[in-house]
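Here is the structure we will look at.
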Amino acid sequence: MIRLEGVHKAFGGGHAALAGVDLEIGRGQVFGIIGRSGAGKSTLVRLLNGLERPTAGRVLIDGTDVAVLSAEGLRGLRSRVGMIFQNFGLLWSRTVFDNVALPLRIGGASRAQIAAKVPALLDRVGLSDHGAKYPAQLSGGQKQRVGIARALATDPEILLCDEATSALDPETTRSILDLVADLNRELGLTIVLITHEMEVVRQVCDRVVVLHAGRVVEAGEVAEVFLHPRAPETRALIDETDGDVQPLGFDGPVVRLTLHGQAILDPVLTRIARDTGTDFIILDGRIGRLKNTSFGRLSLGLVGGDTDRAIAALRLEGDVE
Amino acid sequence: MIRLEGVHKAFGGGHAALAGVDLEIGRGQVFGIIGRSGAGKSTLVRLLNGLERPTAGRVLIDGTDVAVLSAEGLRGLRSRVGMIFQNFGLLWSRTVFDNVALPLRIGGASRAQIAAKVPALLDRVGLSDHGAKYPAQLSGGQKQRVGIARALATDPEILLCDEATSALDPETTRSILDLVADLNRELGLTIVLITHEMEVVRQVCDRVVVLHAGRVVEAGEVAEVFLHPRAPETRALIDETDGDVQPLGFDGPVVRLTLHGQAILDPVLTRIARDTGTDFIILDGRIGRLKNTSFGRLSLGLVGGDTDRAIAALRLEGDVE
Amino acid sequence: GKSGGAGDPNVLTVAATAVPHAEILEFIEPTLAKEGLKLDLKVFNDYVQPNVQVSEGRIDVNYFETGPYLEEFNKAKGTHLVPLAGIHIEPFGAYSRKWKKIGELPAGATVAIPNEPSNSGRALQLLARSGLVTLKDPKSMTATPKDVVGNPKNLKFREIEAATLPRVLGEVDMAMINTNYALDAGLNPLRDALLIEDKDSPYVNFVVGTEKARNDPRVKKLIAALRSPEVKAFIARKYAGAVVPAF
Amino acid sequence: MNGFFRNVDWSDVAQACLDTIVMLGGSLVLTIALGLPLGILLFLTGPGQPWQNRWGNGVLALLVNLVRSLPFIILLIVMIPLTIVLVGTSLGVAGAIPPLVVAAAPFFARLVETALREVDRNTVEAVQAMGATTRDLVFRALLPEALPGIVAAMTVTAITLISFTAMAGAVGAGGLGDLAIRFGYQRFQTDVMLVTVVLLLALVQLLQVAGDRLVRHFTRK
Amino acid sequence: MNGFFRNVDWSDVAQACLDTIVMLGGSLVLTIALGLPLGILLFLTGPGQPWQNRWGNGVLALLVNLVRSLPFIILLIVMIPLTIVLVGTSLGVAGAIPPLVVAAAPFFARLVETALREVDRNTVEAVQAMGATTRDLVFRALLPEALPGIVAAMTVTAITLISFTAMAGAVGAGGLGDLAIRFGYQRFQTDVMLVTVVLLLALVQLLQVAGDRLVRHFTRK
Ligand SMILES: Nc1ncnc2c1ncn2[C@@H]1O[C@H](COP(=O)(O)OP(=O)(O)OP(=O)(O)O)[C@@H](O)[C@H]1O
Ligand SMILES: Nc1ncnc2c1ncn2[C@@H]1O[C@H](COP(=O)(O)OP(=O)(O)OP(=O)(O)O)[C@@H](O)[C@H]1O
Ligand SMILES: [Mg+2]
Ligand SMILES: [Mg+2]
């Protein structure tokens, strides 16, 4: 559905924001883009609806190069693409209601359609009480939710989210993600999602690409990238620990264990402990879900018993470092 | 150092953004403020440097009511307080360098002082290469880092951070938090920090307050609040799971265990497993640090053995639900 | 009326400048009304429009200009307006705050003159007649300082808007001022003027119209009313020498 | 008619007031009707804008500048034939309105252009990303967002128009400014000048206060 | 001096050009010097601003409106005594400059006020939160941020001043506009009118292009 071929983008003078990006996003995918601040994520997403033009390379949507579209063609494309902006881009002169209604009005919706749809959207993003306010009267997160409701108003086929939940609390984030995931499942909405919250990528993305200094340094299935990050930039991004491998107060041998899929339902640790006499201290780690599989990543301190056998046994269950 | 007494704040017409807030922040503390979007967090912080005035109640800094300060007094206070804004508030007409230099110029710093200080600050926030750019040429995260550097420029005594790292990737966030934590330790900087990233609260805050609809629903030491959240609003916010208590594919008995302090260095699970014959499956959870203590919160599936005795044994080690 | 045009036998449109023309016209309005002629008075503060409007037939006649000015206008614009009747003269004078007599005027003195063509020519004519300057074309009614060929006293000219002249009198050695402005500014032409036009002045103000208007009965009525003894008395009473009847 | 205001003919003053108000009202409405589209066009054809067009923009700018470089009195004259076609006369209040409009519209258009340039680029971009036509962009985003600036521009323009009406006396349009010039200036009647100036001031003051209030009302930022 | 331009005295035209440029230059510099502080003051004393002051703002606004409600020619006359005190004469180019400045400064001040109102509230707040004095706020935040708007205001003001200079002929200031009126209009010398209008247009065009370029140069948003 979306294909980038050798895309470069340089802003007048400076070095390139994107330096040769190839990637492909399939219909109905939830596609994550992560990377350090300034890596080129926003620039990449803005290419997809023609807000920026590549200095070299091609951006294809359904096989058509966005750069060669006529004004009319570009409008057609944009009406099928919703975008949530990092900086909101709301109309200050319009109420929350009218901001959300705007894309509908532009799309030629009737009064009745607007009256039916906007309140439902405001409700979904938890702003039912704020429809008559102006953006300047809203908190940061409320503004962001207006942007979300607005992007969803026209039932787009593609949704571009530029840090759509960065100003939201975890609870609200979760409800927004649920909403987006529902749309993805029910309507086959294709979603391109920039985020700094790895939890978000884990929960909703199918595939993820890691940008660094304008280049793709890693790309693949979320589980694959998160469980077996290859590029050092990826590791640095998704690393959960505070950076210390050796946590407070423990100075025995430490291993890092990664488990996923069904393995996690095995009582791995307790079984091996019983078999090898080695006790495990969980120094650090996380067990949770990756979209629809489970995963775990633990730093284990080994105490007593046959630690070599214990490590060998762990190796049979998952990845050990 | 900072005291709020019965603070109310209503914006013309609407219902109150703050509805009776009392709180106290000690010198040198890192004080977290969390709460849902629209809870009143930004409003609260803006009271502390007089950007908003309370409709009732008093805001005391070092015993002086901010509301009764003269213009001169207010400027004096503000020059001791740095603020990082949710919406950046940068000067579009000035380069990154000049934006960071601005508070120094206002404070009457010499050319030489500015030439010495600004590059060091830009370096700390990773913007050395961007000093000559204008804010419109920066990515979202880069803008936020300019705001951070600017707030730190005058070596304030109090630093107000309104979602200072929300636009930053985890790696950059970590380096900023390290920077802030260093300043707190070395210079006794008092920090008031709004964030939606619970990880940030865990890593750097001493105390935390949970706001909900303009009221304080919970307040206390971070470890206390995070390990034993009392208010349902707090639970909802800090809940790490995706909301399902019963994770994928397991249907035996499940308990939630919370451990902290030295307890975590005990190989609790493996020892009890050996003693009671019960195997534990870690279904979900997180082990990590709370500023300078360790903590763990796990959902355990119990398999075989004497589960009652196992649960009783767990109770001796930590909190079980 | 909207465009006034020649047509309604009982209404005559007349363009005029405010003083004294419009005031004189207003004075005769009741008389004409009794004769069944209604005056539609259009007051202008500009010297071009009234002629343009009359020549294009949107106004019947005007009453604001002097013969020399009309001639100049016809020549420049190729119009064929004709003077229908001379009514009055507004004598033009030279005034000074610094000097009591024209003979005291020193060499290199600054003389302010009006900046529109009709009045600047008129001012220079008056100076020429008193021997202060000689003009390239002694007959020219629209001379400007550029047309001064002989200037024994080496006078410096400043062209200023006519109504401003009395107000800057203190800043120049001498100013050439229309009598109406002089009077309004509190100057007394008979006492204060260093030079003043006499009764033979060619600058008589005419009622002006197209050739057609010559035989228009309405215009005849207007002219008759303007040249009445009542108007003569009115002028004498109201303008005390600043306006002199020319009939 | 004695005492200080002895020269003041109050019915003249009333008529002049009426003339000024009619001229102002008529020309302001038309100035906005003409200047607003012109300002929008100047903006849209400018560099980096949706209808970017060096030539078109250059020609528009030249026209606007041409009109603005003509002294008002010359404009008044040059326009007479056009004025007659438009309103049937080049005289009086009606005849003054077309030149007033032609003089003020380009001025207003420039102010509108400036106001439109101030609209937040992020907002414009977001609306473009919805697939808005330029028409939608103008009517649903640019104009509402720039409204406070445009209202401020209207206030400035209205007050400028009042000062133009003073010169419209050249075509016999009358009005307070003309009264001030003819009696106050040309006839040295200080009392008439004072009365007209006070009335003009009241009118200007009214416009400014109303304008400011509207600006504040429309400012949502 | 034959052919089409037979009436044109080129040395007069050159002098008029010079006069216009001197009047414009002199009065523009002073208009900015006077209007900018006035605009800032109007803004700062306005509702919700640092020096909020109903009375002060009201008095300033009244003064500004008073000057703006006076027809230019009346202003010229009323100011004569003051002009003489300021520049020693009320005549010629020098005598025209004070009234030009007094007429244009309030106008420019209003445009400055409008431009300052457009400055991002978040930015202003951030600078206030640094403990900025109002002076710092004005010079380090408001003015730099509003610079594109202020430059646009300068352009509009400069062009408006040119049209005022045409009226300054009343005090013998000369200039292109005055030449156009006295020869082109009053003496029906179409060639003179054409030459002067072309020169005026060139000047206006130059100002506008330079202004636009500066605005673009200072726009960093
Ligand atoms: N200027 C204003 N006028 C009216 N209401 C306002 C204004 N500013 C804030 N509010 C309201 O006050 C409440 C608290 O806002 P505040 O910005 O303090 O929230 P917050 O906790 O910072 O939220 P977020 O996490 O989304 O930034 C919100 O409901 C908001 O709509
Ligand atoms: N208009 C511009 N002019 C010049 N440079 C720009 C411009 N926009 C972006 N850049 C630069 O391009 C690079 C990529 O910016 P981009 O906004 O794509 O980053 P990002 O990955 O979205 O970062 P963040 O996570 O901080 O939002 C940055 O170094 C930025 O400074
Ligand atoms: Mg970005
Ligand atoms: Mg907030």
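The values are calculated or read from the model by the stated rules, or taken from the named source; none is laboratory data. All values reported here derive from a predicted model rather than from experimental measurement. Ideal geometry is used to build each Cβ from the backbone, glycine not excepted, and the neighbour counts take in all protein chains shown. The accessibility values were calculated without ligands, DNA or RNA, using every heavy atom of the protein model including side chains. Shrake-Rupley method; radii C 1.70, N 1.55, O 1.52, S 1.80 Å.
Pairing each residue of the stretch A:68-92 that is in the same structural domain as A:SER166 (by TED's automatic domain parsing) with any residue that is acidic (Asp, Glu) and open to solvent by 50 Å² or more (accessible area, probe 1.4 Å), provided the two are 6+ apart or on different chains, yields C-beta distances under 7 Å for A:ARG80/A:GLU157. Residue-level check: of (1) at the interface with chain E (Cβ under 9 Å from one of its Cβ atoms); (2) among the aromatic types (Phe, Trp, Tyr); (3) in contact (Cβ under 8 Å) with a residue 24 or more places away in the chain, D:PHE183 misses just (1).
If you check B:GLU163, B:GLU171, B:GLU199 for being in contact with a helix residue (DSSP H, G or I) (Cβ under 9 Å, 6 or more places away or on another chain), free of Cβ contacts under 8 Å to residues at least 24 places away in the same chain and within 16 Å of ligand 3 (Cβ to nearest atom), only one passes: B:GLU171. Scanning the stretch A:110-142 for residues that are at the interface with chain B (Cβ under 9 Å from one of its Cβ atoms), in a helix (DSSP H, G or I), away from ligand 2 (no atom under 16 Å from the Cβ) and crowded, with 19+ Cβ neighbours inside 10 Å gives A:HIS130, A:GLY141, A:GLN142.
Evaluate the following for A:ASP319: is it open to solvent by 20 Å² or more (accessible area, probe 1.4 Å) and closer than 26 Å to A:ASP239 by Cβ? It is true that A:ASP319 is open to solvent by 20 Å² or more (accessible area, probe 1.4 Å) and closer than 26 Å to A:ASP239 by Cβ.
When residues in the stretch A:165-195 are screened for being within 16 Å of ligand 1 (Cβ to nearest atom) and in a loop (DSSP other than H, G, I, E, B), 5 of them pass. Screening B:ILE33, B:ILE106, B:ILE114 for residues that are closer than 30 Å to A:GLY38 by Cα and within 16 Å of ligand 4 (Cβ to nearest atom) leaves exactly one candidate, B:ILE33.
One residue alone among B:ALA153, B:ALA181 is open to solvent by less than 10 Å² (accessible area, probe 1.4 Å), over 30 Å from A:GLY126 (Cβ atoms) and out of contact with any Ser or Thr (no Cβ under 7 Å at 6 or more places or on another chain), and that residue is B:ALA153. If you check A:GLY277, A:GLY252, A:GLY285 for being within 23 Å of B:PHE295 (Cα to Cα), more than 8 Å from every other protein chain (Cβ to nearest Cβ) and of a type in the set (Gly, Ala, Ser), only one passes: A:GLY252. All conditions but one from (1) open to solvent by less than 10 Å² (accessible area, probe 1.4 Å); (2) within 26 Å of the chain's Cα centre (by Cα); (3) away from ligand 2 (no atom under 16 Å from the Cβ) apply to A:ARG80; the one that does not is (1). Within the stretch B:203-222, work out how many residues are within 14 Å of chain A (Cβ to nearest Cβ), of a type outside the set (A, V, I, L, M, F, W, C), open to solvent by 10 Å² or more (accessible area, probe 1.4 Å) and not in a strand (DSSP E or B). Count: 1. When the residues of the stretch A:48-65 are filtered to those that are more than 12 Å from chain D (Cβ to nearest Cβ) and crowded, with 20+ Cβ neighbours inside 10 Å, the one that is farthest from ligand 3 (Cβ to nearest atom) is A:ILE61. Condition first: within 12 Å of the chain's Cα centre (by Cα) and either farther than 18 Å from D:LEU76 by Cβ or open to solvent by less than 10 Å² (accessible area, probe 1.4 Å) (or both). Now tell me which residues in the stretch D:152-171 satisfy that. Across the stretch D:152-171, the qualifying residues are D:ALA152, D:ALA153, D:MET154, D:THR155, D:VAL156, D:THR157, D:ALA158, D:ILE159, D:LEU161, D:ILE162, D:THR165.
Checking each residue in the stretch C:127-156 for being away from chain E (no Cβ under 14 Å) and buried (at least 20 other Cβ atoms within 10 Å of the Cβ) picks out C:LEU127, C:LEU132, C:VAL133, C:LEU155. In this entry, B:ARG94 is excluded by the filter for residues that are more than 16 Å from ligand 2 (Cβ to nearest atom), basic (Lys, Arg) and at the interface with another protein chain (Cβ under 8 Å from one of its Cβ atoms). In the set (1) more than 16 Å from the chain's Cα centre (by Cα); (2) surrounded by 14 or more Cβ atoms within 10 Å (Cβ to Cβ), the condition left unmet by E:PRO47 is number (2). On the basis of being more than 19 Å from the chain's Cα centre (by Cα), within 11 Å of chain D (Cβ to nearest Cβ) and surrounded by fewer than 17 Cβ atoms within 10 Å (Cβ to Cβ), does E:GLY58 make the cut? Spelling it out, E:GLY58 is indeed more than 19 Å from the chain's Cα centre (by Cα), within 11 Å of chain D (Cβ to nearest Cβ) and surrounded by fewer than 17 Cβ atoms within 10 Å (Cβ to Cβ).
Condition first: modelled with pLDDT of 90 or more, among the β-branched types (Val, Ile, Thr) and open to solvent by less than 20 Å² (accessible area, probe 1.4 Å). Now tell me which residues in the stretch E:74-97 satisfy that. Correct list: E:ILE80, E:THR83. Counted as qualifying within the stretch D:132-221 are the helices (runs of 4 or more DSSP H) with 3 or more residues that are of a type in the set (Gly, Ala, Ser), namely D:143-167, D:190-218.
Selection of helices (runs of 4 or more DSSP H) fully inside the stretch D:1-116 by the criterion of at least 2 residues being in contact (Cβ under 8 Å) with a residue 40 or more places away in the chain returns D:10-44, D:54-69, D:72-78.
Hey, among C:LEU124, C:LEU132, C:LEU169, which residue is in a loop (DSSP other than H, G, I, E, B) and at pLDDT 85 or above? Criteria check complete, one pass: C:LEU132.
Somewhere in the stretch A:6-19, is a residue more than 13 Å from ligand 2 (Cβ to nearest atom) and surrounded by 22 or more Cβ atoms within 10 Å (Cβ to Cβ)? Looking for residues that are more than 13 Å from ligand 2 (Cβ to nearest atom) and surrounded by 22 or more Cβ atoms within 10 Å (Cβ to Cβ), one finds none in the stretch A:6-19, hence no. Apart from one condition, C:GLU211 fits all of (1) at pLDDT 90 or above; (2) touching a Gly at 6+ places or on another chain (Cβ under 9 Å); the exception is (2). In summary, B:ASP162 fulfils each of the numbered conditions (1) more than 16 Å from ligand 1 (Cβ to nearest atom); (2) under 29 Å from B:ASP62 (Cα atoms); (3) more than 7 Å from every other protein chain (Cβ to nearest Cβ) with the single exception of condition (1).
The residues of the stretch C:158-180 that are more than 12 Å from chain E (Cβ to nearest Cβ) and not hydrophobic (A, V, I, L, M, F, W, C), listed by number, are C:ASP173, C:ASN178, C:THR179, C:ASN180. For the stretch B:29-40, the criterion of a residue being within 13 Å of chain A (Cβ to nearest Cβ), open to solvent by 30 Å² or more (accessible area, probe 1.4 Å) and either within 12 Å of ligand 1 (Cβ to nearest atom) or basic (Lys, Arg) (or both) is satisfied by at least one position.
Scanning the stretch E:196-204 for any residue that is open to solvent by less than 10 Å² (accessible area, probe 1.4 Å), away from chain C (no Cβ under 14 Å) and more than 25 Å from C:ASN51 (Cα to Cα) turns up at least one such residue.
Within the stretch C:46-80, the residues that satisfy the criterion of being crowded, with 23+ Cβ neighbours inside 10 Å and assigned to a loop (DSSP other than H, G, I, E, B) are C:ILE59, C:ASP60.
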